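Taking it in order: structure first as structure tokens, then the write-up.
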Amino acid sequence: MAGREHAAGDKARGTSGTDDVRAGQPNGSPAPDDERPAPGPEDARTGPSGGFPRPDGAASIPGPEDREDVRAGQPGGPPGLDVAHPQVDGSWRAQRELWGDAGWRRWVLASSFARLGGTMAPFALLLAGEQATGAFSQGAWMASGYAMGMAAAAPFRGRTLDQRRLPGGLRNPLLAQAAVFLALALACFLKAPLWLLLPLSVAGGVVPAGVVAAYRALLPVLVPRARLEAAFAIDAVLMEVQWILGPSLVGMLALADATLGVGAIALTGLSALALNLFLPDREPAPGPRVAATIASLAPFFQGLPRLLYLSSLAVGVSWGVVDAALPPRLLQVGSRPEAWGGLTALLSAASAVGGLLYTSTLKGRVTQDGVILRRCLLFLALWGVLLVPLALVANLWALGAALAAAGIFLAPQAAMQATLLQRKLPDGRQAEGFSLSNASFALGLGLGSGLVAVLLETAGPHGALLTAGALPVLVALGGALVWRSRI
């Protein structure tokens with residue numbers, strides 16, 4: 001899920017200590033998040049959420065929940081975010097209103113093509129690398145290089161896009177993506193050595209880094225704040241549709257030639273570029289620019305965002321292991337590696353169903369952060385546990401059943417994480433913050449693929465798959481323990 005903004009438990013509100021989980025509790029009372037009273041006027045200095053910490057230690061930037069358009073119709077002072085206030089009637093009305101908006105539909109179409117290439121790349125590079133070099137382990141290194149390149153570049157590419165008018169600023173990355181993947185497809189077709197294929201794979205991850213996050217940063221321009229939670233939930237389902245289409249398309253193209261899947265990624269970027277012409281512009285936020293240094297990323301790794309990004313990393317590692325180890329595992333159970341495209345489609349279909357079920361629970365109100373966090377950690381743990389049978393079952397049908405069961409919990413995680421991230425990120429660093437989530441997932445994807453490349457020669461595919469669920473379960477348990485200790 002290289003772009004699964006699955007991606008990726010979250011709920012801390014401040015920047016450190018207990019404040020990040022007790023926002024709106026001036027006296028630090030131990031009441032649970034979903035039961036605490038609304039803060040008093042003394043909290044108006046920084047807003048009930050605690051806001052997003054400024055790098056220089058100055059007053060925090062108000063979060064979205066601190067703004068009048070979110071608090072409209074709530075008399076009697078500045079209530080906290082966790083006061084549920086109706087916005088629309090019923091669980092489906094917000095979605096119907098979204099789909100009735102032509103701007104939303106255009107955004108869905110453009111962002112879908114932009115993300116399709118990311119869902120195709122890991123599987124396409126694995127198969128093209130195997131065809132070019134004769135070894136799945138070499139293809140796994142190419143997939144790992146792609147993910148690592150994206151992880152390293154995404155935060156800073158996202159910051160660059162925050163400072164440009166969107167979607168016009170996406171033109172050069174999408175053009176560069178087309179050029180790199182056409183060159184990579186040609187190199188694989190000519191059976192170039194790994195020392196040439198690996199740098200091209202890394203470049204394939206670097207050049208489009210930050211693009212998916214930039215599309216999400218456009219959402220507040222198109223969608224009223226009252227509908228953003230529903231928009232992110234629907235977007236998580238749409239992401240699963242991409243994961244149905246992408247690997248399935250790669251599998252079908254690989255029946256003719258494995259390099260065709262790599263070349264098709266170039267066409268997805270060019271299609272998105274054309275569709276961007278129909279999207280509204282988003283001007284960069286005013287104010288001084290933040291220097292592109294590692295230290296400037298520190299505010300993102302405090303409180304709630306830190307847990308979000310760690311969850312994205314855990315999902316990425318598990319997905320990287322599954323994505324690289326299942327094709328050779330299919331050979332062990334008497335099937336073909338290309339069948340992984342169909343299994344990915346099954347997993348994503350189950351994830352989309354899970355996302356729709358989660359969306360149906362939204363009642364047009366702002367859900368409390370504590371509720372979202374508990375659900376997210378539970379779903380993360382269930383995802384990890386249900387991956388274990390992949391190493392134990394011995395036929396294609398059982399593999400599909402295990403993937404479908406695990407997949408139900410993916411899209412809801414992505415929706416919950418995106419909702420909470422959007423609440424915590426300042427307006428001027430939205431693309432950068434979402435890029436960090438994508439980078440965390442991509443880093444995990446690269447680590448997982450690299451782990452499989454090492455284990456294939458020693459433990460085999462089934463041994464590698466035994467590691468897939470470990471990190472999600474550990475992060476979920478650790479996050480739950482830390483959360484409980486701070487209540």
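The values are calculated or read from the model by the stated rules, or taken from the named source; none is laboratory data. Predicted model, so just to flag it, every value in this text is computed and none were measured. Backbone-built Cβ (ideal geometry, glycine too); neighbour counts: all protein chains shown. With ligands, DNA and RNA removed, areas are computed over all heavy atoms of the protein, side chains included. Shrake-Rupley method; radii C 1.70, N 1.55, O 1.52, S 1.80 Å.
Brief remarks follow.
- Selection from segment 140-185 of residues that are surrounded by 21 or more Cβ atoms within 10 Å (Cβ to Cβ), at pLDDT 90 or above and polar (S, T, N, Q): 177
- Across segment 365-403, the number of residues qualifying as under 15 Å from residue 311 (Cβ atoms) and of a type in the set (Val, Ile, Thr) comes to 1.
- In segment 204-217, the residues that are assigned to a helix (DSSP H, G or I) and at pLDDT 85 or above: 204, 205, 206, 211, 212, 214, 215
- The set of residues in segment 460-472 being open to solvent by 40 Å² or more (accessible area, probe 1.4 Å) and either at pLDDT 85 or above or more than 13 Å from residue 329 (Cα to Cα) (or both) consists of 466, 467, 470, 471.
- Screening 400, 444, 407, 384 for residues that are modelled with pLDDT of 85 or more, open to solvent by less than 10 Å² (accessible area, probe 1.4 Å) and more than 21 Å from the chain's Cα centre (by Cα) leaves exactly one candidate, 400.
- Checking every residue in segment 409-417 against the condition of being assigned to a helix (DSSP H, G or I), farther than 17 Å from residue 350 by Cβ and of a type outside the set (Ser, Thr, Tyr) gives at least one match.
- Verdict on residue 448 being closer than 30 Å to residue 331 by Cβ and not in a loop (DSSP other than H, G, I, E, B): yes
- Top-ranked residue in segment 291-306 [being in contact with a Lys or Arg (Cβ under 7 Å, 6 or more places away or on another chain) and either at pLDDT 80 or above or in a loop (DSSP other than H, G, I, E, B) (or both); ranked as least open to solvent (accessible area, probe 1.4 Å)]: 303
Conditions (1) closer than 30 Å to residue 128 by Cα; (2) of a type in the set (Ser, Thr, Tyr); (3) crowded, with 19+ Cβ neighbours inside 10 Å, marked per residue:
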site	(1), (2), (3)
322	yes, no, yes
336	yes, no, no
346	yes, no, no
367	no, yes, yes
370	no, no, yes
